Every structure is written in structure tokens, then in C-alpha cells.
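The values are calculated or read from the model by the stated rules, or taken from the named source; none is laboratory data. Keep in mind that this is a model prediction, so the values were computed, not measured. Reconstructed Cβ throughout: ideal geometry from the backbone, glycine too, with neighbour counts over all protein chains shown. Remember, those area values only see protein heavy atoms, side chains included, never the ligands or the DNA or RNA. Shrake-Rupley method; radii C 1.70, N 1.55, O 1.52, S 1.80 Å.
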Amino acid sequence: MRVVILASRTGWHTDALQRAVAERGHDGAVVSYQGLVARLGTRPGAVACLTSDGASLLDADAVLARIIPAGSLEQIIYRVDALHWLEERGVRVVNSPRAIERTVDKFYTSALLQEAGLETPETVVCERSDDAFHAFRRMGDVIVKPLFGSMGLGMVRVSDEDVAFRVFRALDAIRGVYYLQRAIDHSGSDVRVFVVGGQVLGAIERRAPESPGWRTNVSRGGRARALDLSSTLRDLALRAARAVGADYAGIDLLPARDGTIYVLEVNGIPGWRGLQQATSLDVAGAIVDHLLADRPAVAPTVAVR
Ligand SMILES: Nc1ncnc2c1ncn2[C@@H]1O[C@H](COP(=O)(O)OP(=O)(O)O)[C@@H](O)[C@H]1O
Ligand SMILES: [Mg+2]
């Protein structure tokens, strides 16, 4: 089988995925989004052609969208539409572009989690600084998150009115969307659960580097240790992955001091270096096994070739 790993460049994760594909006796190629070439206008009615280095992506048995690289609005929409186009023509794309769209947008993810009956911290998403101020004054202590952020980057905790003024002015200047979430009182640790194919593969507890700290991401210096999940946390993680329709995902669960377990986010393009180092699980292998497993293919919406 031919597996295409879509990324922006090679690195630790793509190496691990390629190794896992090769160990299973298949061909794995890392293809960059920037290198995609679509050719159209050959003959009426013909299926368009999307290639990389001359090879057609329609010939792939599966496409693993490892990331959606940061880029301009045009680049991002084109890349995600290319994934939709492949999927609609019967190529298995994991995670599906729909799941990726839902999970890169913190508004959409939080809305789906809440609607699935999962505890979501009080959150306001808006475009006008007046609305953001109103929400800040009501909540008093908020985490301001980039709508499309990950790895804990660019988040600020704001509990001071003057700081809020400066932060909101900066967001206004870049025409950002305000995502303000009530700061939850917790002990400085949270839980990252890795779900693949409707099963929990493993979990880690992440502790914030500084004390008292609130941000636990391993990429921000958080320390990870393997964790045996209770059935309650396991159930929450599986429900969260289902709510966004992810084939595989990293789910952040935040146990608050008052006993509530919040589902903070579902990451549809998660890294797993911290998890792998703390648990020795074969994460790439599990993802590739799931990718290649027999499952009902997405019905093509057009006849292929
Ligand atoms: N509302 C909150 N209250 C307290 N801590 C939070 C809150 N939201 C996020 N955090 C901390 O910040 C980390 C990153 O937040 P998250 O929403 O997962 O964003 P990212 O996509 O950047 O990982 C979380 O793992 C948690 O440790
Ligand atoms: Mg997170």
C-alpha cells in the first residue's frame, strides 16, 4: 500500500510515521503541502489531478495529514480544500479534513464539547474589544487564547484591567478573534489522553514547570509522567474524540480543585513526543495500524477516473 504523509518538512514525527509504515511492509512518502501541484483544464469532465513530484495523490491508499502548516488564509484554505477533494474522491484521509477544521478552531471544538455534555470552562468568543472587555469584567481572571493556537503558545492569563486593555488593543491591531476563558483553579497539572480509533492508547499527567503554574504543555517545559486512567477519565476522552469526529486525537482534561473535570481541548493534529518518552508506547505504529485498518471507505461523491 502507498501511504502519503502530508507535512511541511520531515522531522521526528514524520520519521516515526515513515518507520512504522515501512515496518508494516508498505511504502510511505512524506509530501510537503508546498510541493502540491494541481493541474486542471485538460478535458471537460476529467477528474482533476493533484500531484507531488509527479505522483498522483489519488493513487495513495491513505493520506495522513500530519499537520496543516501555518500560512496565509489562502494557503490554509487551499490545503484543507485539497484534503476535502481527496477524501471526496475516495482516498482515506486521517484525520478527516472536517475533523481538522473542527479541532483547529477552539470556538468550534469548545462548542461541540459542550453540546456533547462535557464540562467546558466558561468561554466567550467575539470580534469586538468592547464585548471582550465586558466578558473580562464579568469573569475577572481569564486565559486569552489564540483561536488557532497550540502547544500553549501565545496564551496569556489576564486578571488586571490595564493588562487587559493592552492585550485587547494588541489583538485589535492584528484583527484577531478574542477567545477568553475563565481561569480554572487547578493544582498545576492536567491530563493528556491519546485516543486512536475509538480506543485510549495511553495518557500522561503533565505538570506546569513553575509553581504555582497554570500552563502544563510539554512544549512549554511541562513535565510528563505516565498515568493509569480511571474509567471516568477514559470515558470523557473517548466522548471528546467522538464529539469532533477524530480518528486520532490528543485530549486535554483539566481536573479543577472543586472536583470538576473539564475537557479543555481536542487536538486533531497532536504531537506525541512527550507521551512517547513517558510511556514508551508505539504511538506512530498505532496511528498507522488504524490508518491501514479495513473500515468503510468514505463514499466518493464523484466517479473516480
Ligand atoms: N481555562 C483554563 N484554566 C486554567 N488553565 C488552563 C485553562 N485553559 C488552558 N489552561 C492550561 O493551558 C494549557 C494549554 O491550553 P489549551 O487550551 O490546551 O491550548 P493549546 O492548544 O495551546 O494546548 C492547558 O493544558 C492547561 O494547562
Ligand atoms: Mg492543549
In order through the stretch 79-93: 3J(HN,Hα) via Karplus (6.51 cos²θ - 1.76 cosθ + 1.60), integer Hz, x for Gly, Pro = 5, 5, 5, 4, 5, 4, 4, 5, 4, 5, 9, x, 7, 6, 10
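Out of the stretch 104-170, which GluC sites (Glu not before Pro) are coil in DSSP terms and have no more than 15 other C-beta atoms within 10 Å?
Working: sites: E115, E119, E122, E127, E161; in loops: E119, E122, E127.
Passing sites in the stretch 104-170 are E122, E127.
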request  = Work out the charge dipole of the stretch 45-203 with +1 on the Cβ of Lys and Arg and -1 on the Cβ of Asp and Glu about the Cα centre, then indicate which of G71, S110, A46 is farthest towards its positive end.
outcome  = G71
Whole-angstrom Cα spans of the chain along principal axes, big to small = 61, 43, 33
Under-5 Å amide H pairs with G202, H placed in peptide plane, nonlocal only = F194
note = Interchain or sequence-distant (5+) residues whose placed amide H lies within less than 5 Å of the amide H of L147 are V177
query = Ordering D252, D141 from largest to smallest accessible area (1.4 angstrom probe), what's the sequence?
reply = D141, D252
note = Whole-Å distance linking the alpha carbon centroid of the stretch 71-85 with that of the stretch 177-235 is 30 Å
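What order, most packed first, do the peptides 34-42, 168-176, 231-239 have when packing is the mean number of other Cβ atoms within 10 Å of each residue? All intermediate terms of the calculation are to be shown ahead of the outcome.
Details: 34-42: 10.6, 168-176: 12.7, 231-239: 16.1.
Ranking, from highest mean packing down: 231-239, 168-176, 34-42.
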remark   = Residues whose modelled amide H sits under 5 Å from the amide H of L264, counting only those 5 or more places away in sequence or on another chain, are D252, L253, L254
task = May I ask for the equivalent-ellipsoid semi-axes of the stretch 152-305, computed as the square root of five times each C-alpha gyration tensor eigenvalue and listed largest first in whole Å?
result = 31, 22, 14
query = Using a simple charge model, +1 on the beta-carbon of Lys and Arg, -1 on the beta-carbon of Asp and Glu, nothing else, what dipole does the stretch 168-294 show about its Cα centre, in debye to the nearest 20?
reply = 460 debye
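Quote the charge dipole size of the chain about the Cα centre in Debye, to the nearest 20; the model charges only the Cβ of Lys and Arg (+1) and of Asp and Glu (-1).
420 debye
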note = Probe 1.4 Å, heavy atoms of protein chains only: per residue, the accessible area of the stretch 175-273 in Å² is 42 Å²
